[in-house]
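Heads up, the thing below is written out as structure tokens.
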Amino acid sequence: MIDSLKHLPPGFIMMLGALLLPMLGRRLSAAAALVLSLLSLGLFCAMPAGEFGQLELFGNQLNLVRIDRLSFIFGLIFHLAAVIASIYALHVQDTKQHIAAMIYAGGAIAAACAGDFVTLFVFWELTALSSVVLVWATGTERSYRSGMRYLIVQVLSGVLLLSGALLQLNETGSLAFVHLAGDATSVLELSTGAKLILLAFGIKAAFPLLHNWLQDAYPEATATGTVFLSAFTTKLAIYSLARGFAGVEELIYIGCAMTLFPIVFAVIENDLRRVLAYSLNNQLGFMVVGIGIGTPLAINGAAVHAFCHIIYKALLFMSMGAVLHRVGTTKATELGGLHKSMPWTTGFCLIGAGSISGFPLLSGFISKSMIITAAGQEHLFWVWIVLLIASAGVMEHSGIKIPFFAFFAHDSGKRVKEAPLNMLIAMGLAAAMCIGLGIFYPLLYSLLPTEPMAMHHGHEEPYKPYTAAHVITMLQLLMFAVLAFVVLMTTKLYPSEVRATNLDTDWFYRKPLPWVLGSIGAAIGWFDKKVRAEFIDCGKSFIGRLADGFGEKGLMGGTWATNAMAFWAAMLLGIFLLIYYS
């Protein structure tokens, strides 16, 4: 059976099974989605390494399936995320959400195992079309508008990917999804096709100025939909960058910008799910830096950080989803004191907050430190400093702000039930993984593309996260962040939570762009009206002249004398004979 299924893209069972869910009804579709995720996970783990499913398209060979160490670790974590998110969504009786989630997760898994650009493009676009349903499922006008903006950006990314792939085919004669940079270390040295593909990946990875779709759409999705969204789209882009553009220097600086700019916006944001969306940008920045550095240690760091990030970010989104499910809001100004009625959710949220902050013995520590070490090993001093600052910043906005304002701070007086059992089980599994990965990290390291090595005393040795220098440095940063938060709160200098929607670069397309487009539309309408009026006037005048000439009293419409008609008939006959015999 495995031998016959290995030619099909991993995740295909999830996508195919999703089409059968409507037959099961609303009650069983949620359980069936979980079964599909588990079945797909088992089949994926049993698949051998190699390239399978070769097809020929217009004389070019396509590889539908490529399983190597890089695609395996991403395929594995995508499956685990689908299982956890499916458990979290067991209480949802909305078949269309389960269908969309299974197609979305299956498409992301298949894309991560694609061996050519055509296969990658098909599943790249499939993830966009299916994931937007999770945004629209909220059923509000706000979610519909956010979903439309999200869909436009995601489809644009796919168009750029396909355009770049066609140029790459013209330039190299191959559609294989391989390392596109070659010996190039700069974007300027890349081919035109590779540049377009990099831009497509950058949109999906939420590069600075291309990132607003993330903060716009994710908080508008359903409580369960956001958990799925947080796991797949951006991490598929991280995988693609690692596959195609490792070692491109500009990615280092793009990643540094990604780690820093979300800190300010996350601090002043009132919606805690938007805070998590900004912190997602921050964590993606660490991965992009690792890919830009491009050494084996850095690439391993990006891969392991993506693995850990999917789990602890899902845990944080699940905790806020539980709050949204019970309270109806995730606005910091309307929350507080929920630890009294939601103690389990509070505890799980604290574990996720500690993991994203990089506390020792939790998953974030064993992944983030690898990237920071890779930067130091390559003597990138200022990059190393930026990553340390960003580590302290994420502690403030995700490690402290999320649990503090949601479950502690002022008592909002809200007394609600604890999260549903299936939500608690999903959060418990994610929390256990955060702890387990932090302690039993060699198991995860054994799955990395190459054995993680670091320079010690002039020679390479296996990377060890729990050294005195790593632990002390991280604890100092975290304690400094805690101290800064306490001082700012006691001195009332911490930005107040305000009931407002904060805009960053999306201000340009939310405010002036509609005005510009409206003005252009008005100008076109005015011009069209003027041209239409002139055209109608000219038409009326022409028709009037025709009426005058061909009317009963006109030259052509009146009755002619017999001799005049005979004369003109003879003239026409003569002209015809001259033309015929000339």
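Nothing in this text is a laboratory measurement; each read-out follows from the coordinates by a stated rule. Bear in mind the structure is a predicted one, so any value in this text is a computation, not a measurement. We place every Cβ from the backbone using ideal geometry, glycine too, and count neighbours over all the protein chains shown.
Each Lys and Arg contributes +1 and each Asp and Glu -1, all at the Cβ; summed about the Cα centre of the chain, the dipole is approximately 1720 debye. For HIS379 and ILE536, a Förster radius of 45 Å and the Cβ-Cβ distance give a FRET efficiency of 0.05, rounded to the nearest 0.05. Fewest neighbouring Cβ atoms within 10 Å first, the residues HIS305, HIS379, HIS470, HIS91 line up as HIS379, HIS91, HIS470, HIS305. How much FRET efficiency would the formula 1/(1 + (r/R0)^6) give for LEU19 and THR491, where r is the Cβ-Cβ distance and R0 is 45 Å, rounded to 0.05? In this case the efficiency is close to 0.20. Here's the picture: charge each Lys and Arg Cβ at +1 and each Asp and Glu Cβ at -1 in the chain, and of VAL135, ASN300, ASN60 the one pushed furthest to the positive end of that dipole is VAL135.
Where Lys and Arg each count +1 and Asp and Glu each count -1, what net charge lies around LEU175 among other residues with Cβ under 12 Å from its Cβ? Its environment carries a net charge of -3. Working ranking of peptides 526-539, 352-365 by packing, defined as the average number of other Cβ atoms within 10 Å per residue, highest first, is 352-365, 526-539.
Please determine, in degrees from 0 to 90 and to the nearest 10, the orientation of helix 95-112 with respect to the longest principal axis defined by the Cα atoms of the chain, where the helix direction is its Cα long axis. Approximately 80 degrees, to the nearest ten. Between the C-alpha center of segment 300-376 and that of segment 383-451 there is a gap of 2 Å.
Going from the residue with the fewest nearby Cβ atoms within 10 Å to the one with the most, SER446, SER367, SER191, SER391 rank SER446, SER191, SER391, SER367. A DSSP coil position with no more than 14 other Cβ atoms inside 10 Å describes the following chymotrypsin sites (Phe, Trp or Tyr not before Pro) in segment 1-65: PHE58.
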